[in-house]
Amino acid sequence: MRRVLTALTVIALSMALYACAYTRVNGVATASPRDVSFLPAADAPAARDTLDIMVWNLGYGGLGRESDFVADGGTHTFPPSRAAVRANVAAIDALIAREAADVIVFRKSRAAGR
């Protein structure tokens with residue numbers, strides 16, 4: 001029994017020593033406002049009161065009106081055709097140009113051929 005308690009004590013002390021060493025080496029870094037300095041350029045435009053953000057799940061451009069996607073209750077797992085995907089991507093491009101959001105976040109987008 002004494003060996004078990006000694007082993008548990010050694011393990012507990014080792015873990016505590018490791019935690020202390022880890023914290024000492026890596027530090028507990030928390031950013032504060034004084035860590036950041038920002039000096040805008042003299043010719044920088046004035047900031048607006050609002051920020052327009054567009055978040056869009058593109059679905060790889062394959063989910064247009066004519067799609068019958070299985071996850072949406074349909075029966076197909078692929079877009080109707082390559083032409084449909086191209087038309088969807090063109091419509092996405094046009095809408096993005098019209099919206100002119102300050103920040104645009106896309107989900108499910110891929111580079112050509114990947």
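Just from its helices, what would the mean residue ellipticity at 222 nm be for the chain, if runs of 4 or more DSSP H residues each count -39500 (n - 2.57) and the sum is divided by every residue, rounded to the nearest 500 deg cm²/dmol? Please list the in-between numbers first.
Details: 2 runs with 43 residues, N = 114.
My calculation for the chain gives -13000 deg cm²/dmol from helical runs alone.
What nm value, rounded to one decimal, do you get for the distance between Leu13 and Phe38 when each label is placed 7 Å out toward the C-beta?
For the pair Leu13/Phe38, the computed spacing is 5.1 nm.
Of Thr30, Thr77, how do they rank once you tally other Cβ atoms within 10 Å and put the fewest first? All intermediate terms of the calculation are to be shown ahead of the outcome.
Working: Thr30 6, Thr77 10.
The order, fewest Cβ neighbours first, is Thr30, Thr77.
Please determine, in degrees from 0 to 90 and to the nearest 10, the orientation of helix 2-26 with respect to the longest principal axis defined by the Cα atoms of the chain, where the helix direction is its Cα long axis.
Between the helix axis and the principal axis of the chain, the angle is about 50 degrees.
For the stretch 55-114, what is Rg from Cα atoms divided by 2.2 N^0.38 Å, rounded to two decimals? The partial results should precede the final answer.
Values: Rg = 12.3 Å, N = 60, 2.2 N^0.38 = 10.4 Å.
Expressed relative to 2.2 N^0.38 Å, the Cα Rg reads 1.18.
Can you check what the Kirkwood hydrodynamic radius comes to for the chain, Cα pairs only, in Å to one decimal? Before the final figure, lay out each step's value.
Working: mean 1/r = 0.0482 Å⁻¹.
Computed over the chain, the radius equals 20.7 Å.
Rounding to the nearest 10 and keeping the result within 0 to 90°, find how far the Cα-based axis of helix 82-99 lies from the longest principal axis of the chain.
It is inclined by approximately 80 degrees.
Name the most mobile residue of Ser32, Ser81, Ser67, meaning the one with the largest mean-square fluctuation, in a Gaussian network model of the chain with Cα contacts below 10 Å.
Its mean-square fluctuation being the largest, the pick is Ser32.
Rule-based calculations on the coordinates, nothing more; no lab input. The structure presented is a predicted model; accordingly, all values stated were derived computationally and were not measured. Because the Cβ atoms are built from the backbone with ideal geometry, glycine has one as well, and the counts that use them run over all protein chains shown.
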